[in-house]
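**Student:** First, the structure itself, so that you have it in front of you.
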Amino acid sequence: MDNSTLKMLKKEALETRIKTIECISSFGSGHIGGAMSIVEIITYLYFKEMNIDPSDPGKADRDRLVLSKGHSGPSLYATLARKGFFPLEWLSTLNKGGTALPSHVDMTKTPGIDFTAGSLGQGISAAVGIALGLRIQGIDAYTYSIVGDGESQEGEVWEAAELAGAQKLDHLIAFTDLNGQQLDGYTEDIIPMHHLKERYESFGWDAYEINGHDFAQIDEAVKQAKAKPGKPHMIICHTQKSHGYIPGEGVKSNHSMTVNAEQAKEAIDELVKREGENE
């Protein structure tokens, strides 16, 4: 990845983080932890990789994103708004009456959403079905999916993984957001997510393990995945829950947090300062 592309992606990620914090603060609380941990993944896909058209969200040959951990919608909403799928003003309506931006993503309400999320564990099954359907129709498009590490404790995830491997769905590229935390605490204390790479490989997947906040590593993993036919691909991303919302970093109970206007402003100022120091 060249320096200009890397600089562009970092800038877009910062703007998405700011809009995500503002979006959640407009309601006063929300799933800040998981929304912030996937910003680099979403930024990379929408600002560099995916074949999409905001003026035609339903075009048949578009790439799809299935956000299985649908409660992380605010960062996807911020991205879609910034890409022009809908007005930025919508971000201030999060989870309010009559909104097109519900707490969990809903393809019947929001332009650019490809899957309606609810019960965790279901998204990867939908992604497998979408990828298989596109192949049957002869449509050369990729299906991407983002799965949480907590939801990977669901048996349905592994049934889907088995089917995807058996069907050799090489146009399916999934990411596991391995941030080490879930609703009730640390995954290590509930059901540890050990040997994920080896587990996916045993189901016939091509698997990678990377730093999920490093654009160069994300780029390299996606490039390698697209160069290997005959297998679905899992990119296991080591991330930090609440990354970029500094008051929530390293906090055990950061799945959903109160974020009022004052807290949002202070967090954004601190984030911008930190990013400036890291340039």
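**Student:** Which of the lysines could a cross-linker span from Lys231 if the Cα-Cα distance has to be under 18 Å and same-chain partners fewer than 8 positions apart are dropped?
**Tutor:** Partners within reach: Lys168, Lys197, Lys223.
**Student:** Quick check: the angle from helix 155-167's long axis to the longest principal axis of the chain, C-alpha only, nearest 10 degrees?
**Tutor:** 50
**Student:** Still on this structure, I have one more. Considering amide H positions built from the backbone, and no H for Pro or chain starts, which residues 5 or more places from Ser145, or on another chain, come under 5 Å of its amide H?
**Tutor:** Placed amide hydrogens put Val66, Ile173, Ala174, Phe175 under 5 Å from Ser145.
**Student:** What whole-number value in cubic angstrom gives the convex hull volume per residue for the C-alpha atoms of the stretch 110-160? Show your work: numbers first, answer last.
**Tutor:** On the way: hull volume 4.3 nm³, N = 51.
It comes to 84 Å³ per residue, whole-number rounded.
**Student:** Hey, another quick one. In percent, what relative contact order does the stretch 1-131 have, based on Cα pairs under 8 Å that are 6 or more apart in sequence? Could the numbers behind the result be given before it?
**Tutor:** Working: 186 pairs, mean separation 33.5, N = 131.
Relative contact order comes out at 26 percent.
**Student:** Report the convex hull volume per residue for the stretch 81-236, counting only C-alpha atoms, in Å³.
**Tutor:** Working: hull volume 21.1 nm³, N = 156.
About 135 Å³ per residue, rounded to a whole number.
**Student:** Report the residue, chosen from Ala261, Ala35, Ala164, that carries the largest GNM mean-square fluctuation when the chain is represented by alpha-carbon nodes joined by springs under 10 Å.
**Tutor:** Ala261
**Student:** What percent do you get for the relative contact order of the chain when only Cα pairs under 8 Å and 6+ apart count?
**Tutor:** On the way: 545 pairs, mean separation 64.7, N = 279.
Reported as a whole number, the value is 23 percent.
**Student:** Where does helix 261-278 land angle-wise versus the long Cα axis of the chain, in degrees 0 to 90, nearest 10?
**Tutor:** 70
**Student:** Heavy atoms only, probe 1.4 Å: what % of the accessible area of the chain goes to carbon and sulfur, would you let me know?
**Tutor:** Values: 5780 of 11670 Å².
Of all accessible area on the chain, carbon and sulfur atoms account for 50 percent.
**Student:** Right, something else. Residue by residue through the stretch 56-72, which ³J(HN,Hα) values in whole Hz follow from phi under the Karplus form 6.51 cos²θ - 1.76 cosθ + 1.60 (θ = phi - 60°), with glycine and proline marked x?
**Tutor:** For the stretch 56-72, the Karplus curve yields 9, x, x, 4, 5, 9, 6, 6, 10, 10, 9, 8, 5, 7, x, 5, 8 Hz.
**Student:** Per residue and in cubic angstrom, what volume does the convex hull of the Cα atoms of the stretch 28-113 have? Write down the numbers at each step before the final one.
**Tutor:** Details: hull volume 7.5 nm³, N = 86.
Cα-based convex hull of the stretch 28-113, divided per residue, equals 88 Å³.
**Student:** Could you order Ile42, Ile18, Ile190 by accessible surface area, starting with the largest, using a probe radius of 1.4 Å?
**Tutor:** The most accessible residue leads, giving Ile190, Ile18, Ile42.
**Student:** Now, a different point. Within the stretch 95-201, which trypsin sites (Lys or Arg not before Pro) sit in a loop by DSSP and count at most 11 neighbouring Cβ atoms inside 10 Å? Before the final figure, lay out the partial values.
**Tutor:** On the way: sites: Lys96, Lys109, Arg135, Lys168, Lys197, Arg199; in loops: Lys96, Lys109, Lys168.
In loop regions of the stretch 95-201 (DSSP not H, G, I, E or B), the sparsely surrounded trypsin sites (Lys or Arg not before Pro) are Lys96.
**Student:** Related question: Can you list residues from other chains, or at least 5 along the same chain, whose modelled amide H is less than 5 Å from the amide H of Ser29?
**Tutor:** Amide H to amide H, under 5 Å and 5 or more residues apart or across chains, Ser29 pairs with Val259.
**Student:** Sticking with this structure for a sec: Using all C-alpha to C-alpha distances in the chain, build P(r) with 5 Å bins and read off the rounded percent in each one.
**Tutor:** 1, 6, 13, 18, 20, 18, 13, 7, 3, 1, 0
**Student:** Which value, in Å² rounded to 10, gives the accessible area of Thr20 with a 1.4 Å probe and all protein chains present?
**Tutor:** Surface open to solvent at Thr20 totals about 0 Å².
**Student:** Can you give me the solvent accessible area of Met257 with a 1.4 Å probe, rounded to the nearest 10 Å²?
**Tutor:** Estimated to the nearest 10 Å², Met257 gives 40 Å².
**Student:** Heavy atoms only, probe 1.4 angstrom, no DNA, RNA or ligands counted: give me Lys265, Lys228, Lys241 ranked by accessible area, highest first. Don't skip to the end; give the middle numbers.
**Tutor:** Numbers: Lys265 130, Lys228 90, Lys241 10 Å².
Largest accessible area first, the residues go Lys265, Lys228, Lys241.
**Student:** Got a sec? What order do Val251, Val272 fall in by accessible area at 1.4 Å, biggest, i.e. largest, first?
**Tutor:** Working: Val251 45, Val272 70 Å².
Accessible-area ranking of Val251, Val272, largest first: Val272, Val251.
**Student:** Give the accessible area for Ile139 in Å² (nearest 10); use a 1.4 Å probe, count only protein heavy atoms, and leave out ligands, DNA and RNA.
**Tutor:** Surface accessible to solvent at Ile139 totals approximately 40 Å².
**Student:** Taking amide hydrogens as modeled 1.01 Å from N in the peptide plane, which residues meet the under 5 Å criterion relative to Gly121, leaving out close sequence neighbours?
**Tutor:** Residues meeting the amide H criterion: none.
**Student:** Here is a follow-up. Kindly identify the stretch 1-62 as rounded, prolate or oblate by the Cα gyration tensor criterion: order the square roots of the eigenvalues as a ≥ b ≥ c, call it rounded if a/c is under 1.5, otherwise compare a/b with b/c, prolate if a/b is larger, else oblate.
**Tutor:** Values: a/c = 2.43, a/b = 1.29, b/c = 1.89.
Note, shape of the stretch 1-62 comes out oblate.
**Student:** Based solely on its DSSP helices, what 222 nm [θ] is calculated for the chain when runs of n ≥ 4 H residues each add -39,500 (n - 2.57) and the sum is averaged over all residues, nearest 500 deg cm²/dmol?
**Tutor:** Details: 10 runs with 117 residues, N = 279.
Counting only the DSSP helices, I get -13000 deg cm²/dmol.
**Student:** Straight distance only, please: which lysines reach the Cα of Lys69 with their own Cα at less than 16 Å, same-chain residues fewer than 8 apart left out?
**Tutor:** Lys69 reaches Lys241.
The values are calculated or read from the model by the stated rules, or taken from the named source; none is laboratory data. Only a predicted model underlies this, so the values are computations on that prediction, with no experimental measurement involved. So basically every Cβ, Gly included, is an ideal-geometry build from the backbone, and we count neighbours across all protein chains shown. These accessible areas exclude ligands, DNA and RNA; they are computed on the full protein's heavy atoms, side chains included. Shrake-Rupley method; radii C 1.70, N 1.55, O 1.52, S 1.80 Å.
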